[in-house]
Amino acid sequence: MIEFPNIFSNQGSDEDAEFMPLFSVEEEDESNIHEEYPPTLPVLALKNTVLYPGIVIPITVGRNKSIKAIQKAHQDQRIIAVLSQRDSRNENPGAEDLYEIGTIARIIKLLKMPDGTTTAILQGRRRFRLEGIVREQPFLVGRYSILEQGAPKDKLEFKALISSITDVARRIIELSPNIPAEANLVLRNISNNYFLLNFIASNLNLKVSIKQEILEVDDVVEKARIVHQHLENELQMLELKDQIESKVRDDIEKQQRDYYLNQQLKTIQEELGQNPQEEEYERLLGQAAAKTWPDKVAKAFDKELSKLRRMNPQVAEYSVQLNYLDLMLDLPWEEFTQDNFDLRKVKRVLDEDHYGLTEVKERILEHLAVLKLKGDMKAPILCLFGPPGVGKTSLGRSIARALGRQYVRISLGGLHDESEIRGHRKTYIGAMPGRIIQSMRKAKSSNPCFVLDEIDKVGKDFRGDPSSALLEVLDPEQNSTFYDNYLEQEYDLSRVLFIATANSLSTIQPALLDRMEIIEINGYSVEEKIGIAEKHLVPKQLGEHGLTPKQLVLSRPVLEKLIQDYTRESGVRSLDRVIARICRHAARKVATGDPFHPAIKPEDLEKILGPRKFSLDRMVEDNPAGVAIGLAWTSVGGDILFIETSLSAGKGQLRLTGNLGEVMKESATTALSYLKAHASLYGIDPAVFEKTDVHLHVPEGAIPKDGPSAGITMLSALASAFVQKPIRPRVALTGEITLRGKVLPVGGIKEKILAAKRAGIQTVVLCAENKLHVEEIPSMYRKGLRFKYVEEMSEVLQYTLGLKMAGARGKG
């Protein structure tokens, strides 16, 4: 930074501390100084500055050698050689401690100061190079050679650089608060460009090494470039500093202005008899007086309220504290809605809203009956488990309506942060209560029907495990004292009827699963889907599309064709979309006035919806040898799958494809091993296995498949391929196999039976132990299906292929 201090203002208390340079009135430079100097001169070492030609500086001399050298030179011709030290900490510098290039100076004046020190005022004359030291005592005396300052090679560039340097220097003077405005006048009065460069270089706030580099440059254009670069750096620093100071100043002024206006507003309000803070305090106090809540909570509220009253309304914590108190007042502490104990009416409401779902409805009615008799009991925690689209979520709203309770729902799908359940502590910026407490605040009742949707899709990462936080919520022994981090008070959730929904139980944490009462909701049969469509879906879509029942009629045969030919699902979401498509078609006809018959016929569906998407007969009839139909359970309900087997000449290798899991691969290996071991008993040449490669494939390879229930299906497909005989048509199989030839029971029987019925299967082969599970299924689901119960694998092959094991007795 350029500075212009008083001629006698010392820079520091160190010995030989130099003053900042002044300019010479004569504006001399090396090009116009022609003086004769003796061949040797006393050498003066400067600690922390560099003397340039034409520049006048005062220095305080303190070292003995320096005092003797300056006095000797003053007595002789008043000429002295000035060199800067490489290291300012060296108190006795030699030739190797000094820079080689320096400035010959004239001693203008030598002064004795009141404190006993000597001050010399020096004016730089010519640059020189030190050739050597001829004497070191009592002071340094050196030989030198004069360095000439040449004219600029590119006068136009030099002139432009000088102009730019002048402009930048003036801008720095304007921005710097330490430089007097008169400095601009000084710059305007300097007409010698060489002197201007030396003057600005002297006043730049640079290290001695950098100033020395500028002094050593012979080319004045290059010297001008270097000086210009350092000036630009200084200007950028000052501009950035000015921006920062301006922003801080504006912020301070705004705070002062806001404070002043707030104080004025406060004074005006006091004069008018108004006090917003006092009014807010009275409002909170009044609401608290009318509140019925536990004594512990009341004491905590009074404590937080007194804390609010002591706070300055201008601080950020005031609004945080006010929001916290509002939350405490809004929560329904010990506030309950009256349950509807008319069990017949409750059953009627549940039947109106949902078709079927008998087990869930019975469980709700049982709970209500006990509550009616006992008067008080902890609410059950139910988990509705089943495929998508069967009405799990909507059932929660229906239960709330039937019981006369408030309904709240939160979706847990994709939830990763534990604080979403427990809330954030108030110390965090933007802290808020967890979603449980927020929902209770919204419900305005402490006994709502609370649906936790998609509980099987809760995530887990570095932010915590929400499913672990739910353990407290869903434990009847703990949820009476649920603790939210934001509320910092225990809240009673024991009267809340929690209903969780899930598509799969495998992804739910075991401890969490143990706390819930699992109610399985299976897929719907064709008859149930027709009933749901007639009672719910068709009226809903007619209303949403602005149609009346007379403008569109969908008969039972039409609905049945929609279900079988255009949808394949456990629930009714796809059916709902297909009905909506028909309604849009009808709405367009009605709106445009085109001729249209309201009663849709089955044969009209292809014109409206296009060709049918699913064909039952094509899928289950006329399968070649080596193909068997199995039944599978999936997260979206039951489904059928095909097991395809192909034989080729080879070395007896088994190849499995179709994205099969480990358990399913083991079932295929077990089936082939059983067939090899008993080949001769079934009339198969054992040698053929050594010469034949077996390829077993399950179509739809993009879908992962696993589980043991395809065991007897794989066995039937392999046997069919080796005997080259097709399996009975419209027969589906499910069951696990063992190496001993036993058939073991499997799960998901209802979903599999519904899938078989949807696919047009007529006979289902399964383990005899699954007979109890089949009989538990309502007869309407089983209508049109025959069941073949087996215990041995030989029975499976005898029924499906007519292969009777030699020496075995058949079973009917």
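Things worth noting here:
- Looking only at residues in the range 81-96 that are under 13 Å from Ser209 (Cα atoms) and open to solvent by 30 Å² or more (accessible area, probe 1.4 Å), the one that is modelled with the lowest pLDDT is Ser88.
- Residue satisfying all of: in the range 474-495; farther than 23 Å from Tyr324 by Cα and touching a residue at least 12 places away in the same chain (Cβ under 8 Å); most open to solvent (accessible area, probe 1.4 Å) among these: Arg495
- Residue list for the range 658-687, filter: more than 25 Å from Gln798 (Cα to Cα) and open to solvent by 40 Å² or more (accessible area, probe 1.4 Å): Asn659, Glu662, Val663
- Count of the range 154-195 residues which are more than 18 Å from His230 (Cα to Cα), over 59 Å from the mean Cα position of the chain (by Cα) and among the hydrophobic types (A, V, I, L, M, F, W, C): 4
- Residue in the range 762-773 that is modelled with pLDDT under 85 and crowded, with 18+ Cβ neighbours inside 10 Å present: no
- Residues in the range 688-698 that are open to solvent by 40 Å² or more (accessible area, probe 1.4 Å) and either assigned to a helix (DSSP H, G or I) or modelled with pLDDT under 90 (or both): 3 in all.
- Look at the range 577-592: where a residue is within 11 Å of Leu609 (Cα to Cα) and touching a residue at least 12 places away in the same chain (Cβ under 8 Å) and a partner is surrounded by fewer than 15 Cβ atoms within 10 Å (Cβ to Cβ) and aliphatic (A, V, I, L, M), sitting 6+ places away or on another chain with Cβ atoms under 6 Å, you get Ile582/Ile608; His585/Ile608.
- Residues satisfying the stated conditions in the range 204-237, i.e. assigned to a helix (DSSP H, G or I) and either aliphatic (A, V, I, L, M) or touching an Asp or Glu at 6+ places or on another chain (Cβ under 6 Å) (or both): Val208, Ile210, Ile214, Leu215, Val220, Val221, Ala224, Ile226, Val227, Leu231, Leu235, Met237
- Looking across the range 189-207, the residues that are surrounded by fewer than 18 Cβ atoms within 10 Å (Cβ to Cβ) and in contact (Cβ under 8 Å) with a residue 60 or more places away in the chain come down to Ile190, Ser191, Asn192, Asn205.
- For the range 318-344, a residue qualifies if it is touching a residue at least 40 places away in the same chain (Cβ under 8 Å) and closer than 15 Å to Ser398 by Cα, and the qualifying residues are Asp339, Asn340.
- Hey, Arg126 closer than 15 Å to Val220 by Cα, basic (Lys, Arg) and in contact with a strand residue (DSSP E or B) (Cβ under 8 Å, 6 or more places away or on another chain) or not: yes
- If the condition is being exposed (fewer than 15 other Cβ atoms within 10 Å of the Cβ), part of a helix (DSSP H, G or I) and free of Cβ contacts under 8 Å to residues at least 60 places away in the same chain, then the range 605-618 contributes Glu606, Lys607, Ile608, Arg618.
- Cβ-Cβ under 8 Å pairs, at least 6 apart or on other chains, the range 780-791 side touching a residue at least 40 places away in the same chain (Cβ under 8 Å), far side of a type in the set (Gly, Ala, Ser): Met780/Ser525; Tyr781/Ser525; Val790/Gly735; Val790/Ala768; Glu791/Ala768
- Residue list for the range 517-548, filter: open to solvent by less than 30 Å² (accessible area, probe 1.4 Å), polar (S, T, N, Q) and within 28 Å of Arg588 (Cβ to Cβ): Gln541
- All positions within the range 422-431 that are surrounded by fewer than 23 Cβ atoms within 10 Å (Cβ to Cβ) and assigned to a helix (DSSP H, G or I): none
- Selection within the range 102-122 - over 15 Å from Ala45 (Cα atoms) and either surrounded by 21 or more Cβ atoms within 10 Å (Cβ to Cβ) or among the hydrophobic types (A, V, I, L, M, F, W, C) (or both): Ile108, Leu110, Leu111, Met113
- Within the range 578-601, the set of residues being open to solvent by 40 Å² or more (accessible area, probe 1.4 Å) and touching a helix residue (DSSP H, G or I) at 6+ places or on another chain (Cβ under 6 Å) comprises His585, Phe596.
- Condition met for Tyr99 (farther than 15 Å from Glu136 by Cα and open to solvent by 30 Å² or more (accessible area, probe 1.4 Å)): yes
- Among the residues of the range 49-80, those identified as of a type in the set (S, T, N, Q) and surrounded by 16 or more Cβ atoms within 10 Å (Cβ to Cβ) are Thr49, Thr60, Ser66, Gln71.
- Filtered residue count, the range 278-297, keeping only those that are outside any helix (DSSP H, G or I) and either in contact with a helix residue (DSSP H, G or I) (Cβ under 7 Å, 6 or more places away or on another chain) or of a type in the set (A, V, I, L, M, F, W, C) (or both): 3
- Matching residues in the range 223-254 - criterion: being over 30 Å from Asn193 (Cβ atoms) and small (Gly, Ala, Ser): Ser246
- Among strands (runs of 3 or more DSSP E) entirely within the range 706-793, having at least 1 residues that are closer than 19 Å to Pro624 by Cα singles out 731-733, 763-767.
- Yes/no for Ser494 being under 30 Å from Val590 (Cβ atoms) and of a type in the set (Ser, Thr, Tyr): no
- Among the residues examined, Val220 qualifies as under 30 Å from Asp87 (Cβ atoms), of a type outside the set (Phe, Trp, Tyr) and open to solvent by less than 10 Å² (accessible area, probe 1.4 Å).
- Selection from the range 568-577 of residues that are open to solvent by 40 Å² or more (accessible area, probe 1.4 Å) and either more than 35 Å from the chain's Cα centre (by Cα) or farther than 12 Å from Gly391 by Cβ (or both): Arg568, Arg577
- Counting only residues that are of a type in the set (S, T, N, Q) and open to solvent by less than 50 Å² (accessible area, probe 1.4 Å), the range 307-339 holds 2 of them.
The values are calculated or read from the model by the stated rules, or taken from the named source; none is laboratory data. Because the structure is a prediction, the values reported are computed rather than measured. No Cβ is skipped: glycine too gets one built from the backbone with ideal geometry, and neighbour counts run over all protein chains shown. We work out accessible area using only protein heavy atoms, side chains counted, and drop any ligands, DNA or RNA first. Shrake-Rupley method; radii C 1.70, N 1.55, O 1.52, S 1.80 Å.
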